[in-house]
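Notes to accompany the following structure.
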Amino acid sequence: MPTYKHLLFVILLLFGSLAHTKATGFGDSAPINDFINNMVKEYNFDAGELKKLFAQTRRHQSILDAIARPAESKPWREYRPIFLTRDRLIGGLKFWRENEAILRRAYETFGIPEEIIVAIIGVETRYGKHAGRYPVIDALATLAFAYPPRSPFFRKELQEYLLMAREEGIDPLRQKGSYAGAMGMPQFMPSSFRRYAVDFSGDGQRDLWRNPADVIGSVANYFKRHHWKKGEPIAYKVRVKGNTYKKLLDSSQRHQIKPHLSQQQLRAHGVSLPKGLTAEMKGSLIELDGKYGPEQWVVWHNFYVISRYNHSALYSMSVYQLSQQLRENR
């Protein structure tokens, strides 16, 4: 009959084994060696230093579990309450007050409304409170070498991260981010950091972890570079007559909410539009599974720009609706 000490030993051994499966080393594998060789050849990295780096990099099973169940797979009626909360609204109003001058300067510089910038930061990290707990290099390496469906994308992001760390003079082992490797208060992927992050505070660094000025300026620059149109609408909830509008839903899905429908097409399919729109404006029609039934929305160019941050229409709608709450409660 097993003794108490024996049972305790078995339990400790089991927990130790489970902990080991959660974060394990990558070891000396052919894919990693190929990646290192490419970084040496293309970007003049030191092979020995990269081998030391990857020896300290870990594979996380929890990352693979998380990417298999993204929030965007939920219907709108379940997705909306995650982001449209009183806590996020109050936090956003506080963040706006504390950074009002910087947000105004970002609007004047880039033309991006303050409420959109604040809403993005709120949806992404609750204004920096939840910026991620994984070492960025662990997240990127886990997905680059242990997640075949998107391995090419994450290998590219891992490459961008190492280049970014070298350019910015930061330790690649110390930066924390999301399970997908998104970084800082605005959750930029490494490629976005290198392209769009700006030193908006003027201190010679691009700090998206601790410097609100750099965060605000970088988000604004991101939207500016993705062709935000100042003063244009984002989305309208609309009424529809009949069922012919559903043909437009199929078309919008194929176009990934990129505006492609004329106002004449929308009206011809039973969609009621507001007055005062400029004639050349095009939109897309989406239908969301709302709390009280289907919701039809016409979304315009600036909604599509928001979706460049995250390609989900649910994400873009949550940013838009939070931004409206913020503006209304200012």
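The values are calculated or read from the model by the stated rules, or taken from the named source; none is laboratory data. Everything quoted here is computed from the prediction, not taken from an experiment. Cβ: placed from backbone, ideal geometry, glycine included. Neighbour counts: every protein chain shown.
Checked against (1) touching a residue at least 24 places away in the same chain (Cβ under 8 Å); (2) surrounded by 20 or more Cβ atoms within 10 Å (Cβ to Cβ), D214 passes all but a single condition, namely (1). Residues in the stretch 107-132 that are acidic (D, E) and in contact with a helix residue (DSSP H, G or I) (Cβ under 7 Å, 6 or more places away or on another chain): E114, E115. Tally the residues that are over 18 Å from E160 (Cα atoms), part of a helix (DSSP H, G or I) and either aliphatic (A, V, I, L, M) or within 14 Å of the chain's Cα centre (by Cα) (or both), restricting the search to the stretch 114-145. So the answer is 10.
On the stretch given as the stretch 153-202, residues that are of a type in the set (G, A, S) and over 21 Å from Y309 (Cβ atoms) total 4. Of all positions in the stretch 239-250, at least one carries a residue that is charged (D, E, K, R) and within 23 Å of K74 (Cα to Cα). Among the residues of the stretch 212-231, write down those that are in a loop (DSSP other than H, G, I, E, B) and either in contact with a Gly (Cβ under 9 Å, 6 or more places away or on another chain) or at pLDDT below 95 (or both). Those that are in a loop (DSSP other than H, G, I, E, B) and either in contact with a Gly (Cβ under 9 Å, 6 or more places away or on another chain) or at pLDDT below 95 (or both): W228, K229, K230, G231. Of the residues making up the stretch 232-277, those that are assigned to a loop (DSSP other than H, G, I, E, B), touching a Gly at 6+ places or on another chain (Cβ under 7 Å) and surrounded by 16 or more Cβ atoms within 10 Å (Cβ to Cβ) number 3.
Annotation note: of K282, K237, K291, the sole residue that is at pLDDT below 95 and either basic (K, R) or in contact with a strand residue (DSSP E or B) (Cβ under 8 Å, 6 or more places away or on another chain) (or both) is K291. Does R206 meet the test of being crowded, with 20+ Cβ neighbours inside 10 Å and of a type in the set (K, R)? Spelling it out, R206 is indeed crowded, with 20+ Cβ neighbours inside 10 Å and of a type in the set (K, R).
The test for being crowded, with 16+ Cβ neighbours inside 10 Å, at pLDDT 90 or above and within 28 Å of the chain's Cα centre (by Cα) holds for L89.
Annotation for the stretch 94-101: no member residue is touching an Asp or Glu at 6+ places or on another chain (Cβ under 6 Å), part of a helix (DSSP H, G or I) and either aromatic (F, W, Y) or loosely packed, with under 14 Cβ neighbours inside 10 Å (or both). Evaluating K129 against the criteria (1) surrounded by 24 or more Cβ atoms within 10 Å (Cβ to Cβ); (2) over 17 Å from K52 (Cα atoms) leaves one unmet condition, (1). The C-beta contact set for the stretch 44-71 (first residue under 20 Å from Q175 (Cα atoms), second residue of a type in the set (S, T, Y) and part of a helix (DSSP H, G or I), distance under 6 angstrom, 6+ apart or interchain) comprises R59/T142; H60/T142; Q61/T21; I63/T142.
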